[in-house]
Amino acid sequence: MINLSIIGSGNVGKHFIALVQNSKDLNLIQWLSRSESCYQKIKTTSDFKNIEKADVYVICVSDSSIHEVSKTLNLHNQLIVHTSGINHFNILCDNNRRGVFYPLQTFTKENKTRELEIPICIESEYNEDIKLLIDLCKYLNLKYYQVDYEKRKILHLAAVFSNNFSNHLYSIAYKITKNNNIDFDILKPLIQETANKILLLEPAKAQTGPARRDDMVTINNHLKLLKNDDYRNIYKTFTQLIKDENKL
Ligand SMILES: NC(=O)c1ccc[n+]([C@@H]2O[C@H](COP(=O)([O-])OP(=O)(O)OC[C@H]3O[C@@H](n4cnc5c(N)ncnc54)[C@H](OP(=O)(O)O)[C@@H]3O)[C@@H](O)[C@H]2O)c1
């Protein structure tokens, strides 16, 4: 049994709370949040100084507040981890034993919690603490990877390309269809298959489309249809990158 407390009630904090509640091997000691909790059944507090004893404290607050929040906690020599991909564990106040518990997944409060595969990148300041973080992953039924800071930064960068930027491209596609009174839903099977294909193929090998075929007639037609200069620039940049990748 691991006793843990979660700090933060944003996208990640809420998901972790739901996962902890589903585990019989984890005992949630406290959920600390400066805002009112919607999970009334859980013991929550906004009094960060009045923190109870736990085996591990998981700080799930915005990157810019991690240090400040870790300083507020009235703790000494306890295991404290943050969930950020881009920050070193030494951003946490050095009163305590520090570590990282970075979930390489995308979480949005509005998206109801459902079974998600969540790889966890773990790191700890002291070797003795890694076992507890491994057990925490096991009890949460999540796969873990021991990843040092240098590698985690790179993973975070790759995650921005594969998740945030691709999601922004969906957003552009959404606007293009909406502006032309077309239902975005018709694109969803294509979006789904694009993601499915790279589970089996290297992304460059899965590429199709006019740039991959060097079809300049279609490319020029598309550019004429695009009225937004930023979208035209993105289209041109991606087209060139795909052509370069395929030496066209
Ligand atoms: N979202 C993701 O997909 C994702 C994935 C992997 C890792 N992460 C990492 O997980 C961490 C949390 O991200 P998130 O998406 O959950 O952020 P979020 O939804 O913006 O929530 C941030 C939380 O931090 C709290 N907070 C901010 N400043 C605070 C302060 N000074 N004192 C106390 N509480 C404070 C907020 O409280 P209020 O609600 O009261 O403002 C909120 O509960 C970040 O380090 C992020 O990089 C996020």
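Among the residues of the stretch 130-138, none qualifies, meaning not one is among the hydrophobic types (A, V, I, L, M, F, W, C) and part of a loop (DSSP other than H, G, I, E, B). For the stretch 151-167, check the following and say yes or no: at least one residue is closer than 22 Å to I6 by Cα, small (G, A, S), touching a helix residue (DSSP H, G or I) at 6+ places or on another chain (Cβ under 9 Å) and modelled with pLDDT of 95 or more. The answer is no, given that none of the residues of the stretch 151-167 is closer than 22 Å to I6 by Cα, small (G, A, S), touching a helix residue (DSSP H, G or I) at 6+ places or on another chain (Cβ under 9 Å) and modelled with pLDDT of 95 or more.
Just so you know, in the stretch 54-74 the residues that are modelled with pLDDT of 95 or more and part of a loop (DSSP other than H, G, I, E, B) include one that is surrounded by the most Cβ atoms within 10 Å (Cβ to Cβ), and it is C60. When each of Y102, Y139 is tested for being in the same structural domain as D55 (by TED's automatic domain parsing) and touching a Cys at 6+ places or on another chain (Cβ under 7 Å), the lone residue that passes is Y102.
Residues that are more than 19 Å from I242 (Cα to Cα) and not polar (S, T, N, Q) within the stretch 173-192 comprise Y174, K175, I176, K178, I182, D183, F184, D185, I186, L187, K188, P189, listed in sequence order. Can you tell me which residue among E193, E245, E202 is acidic (D, E) and touching a residue at least 40 places away in the same chain (Cβ under 8 Å)? Result: E245 is the single residue among E193, E245, E202 that is acidic (D, E) and touching a residue at least 40 places away in the same chain (Cβ under 8 Å).
Got a sec? Which of H82, H88, H156, H168 is free of Cβ contacts under 8 Å to residues at least 60 places away in the same chain, more than 26 Å from P189 (Cβ to Cβ) and not basic (K, R)? Talk me through it step by step, then tell me what you get.
On the way: H88 fails: free of Cβ contacts under 8 Å to residues at least 60 places away in the same chain; H156 fails: free of Cβ contacts under 8 Å to residues at least 60 places away in the same chain; H168 fails: more than 26 Å from P189 (Cβ to Cβ).
None of the others qualify; the one that does is H82.
What is the residue count in the stretch 1-11 for residues that are closer than 15 Å to R34 by Cβ and within 8 Å of the ligand (Cβ to nearest atom)?
The initial filter retains those residues of the stretch 1-11 that are closer than 15 Å to R34 by Cβ, namely 5-10.
Next, only the ones that are within 8 Å of the ligand (Cβ to nearest atom) stay: 7-10.
Looking only at that region, the number is 4.
Among the numbered conditions (1) within 11 Å of the ligand (Cβ to nearest atom); (2) touching a residue at least 24 places away in the same chain (Cβ under 8 Å), the only one that R34 does not meet is (2). The set of residues from the stretch 113-153 being without any contact (Cβ under 8 Å) to a residue 24 or more places away in the chain and surrounded by fewer than 12 Cβ atoms within 10 Å (Cβ to Cβ) comprises R114, E115, N127, E128, K131, E150.
The values are calculated or read from the model by the stated rules, or taken from the named source; none is laboratory data. If you're wondering where the values come from, they're calculated on a predicted model, not measured in any experiment. Here the Cβ is made from the backbone with ideal geometry for all residues, glycine too, and neighbour counts use every protein chain on show.
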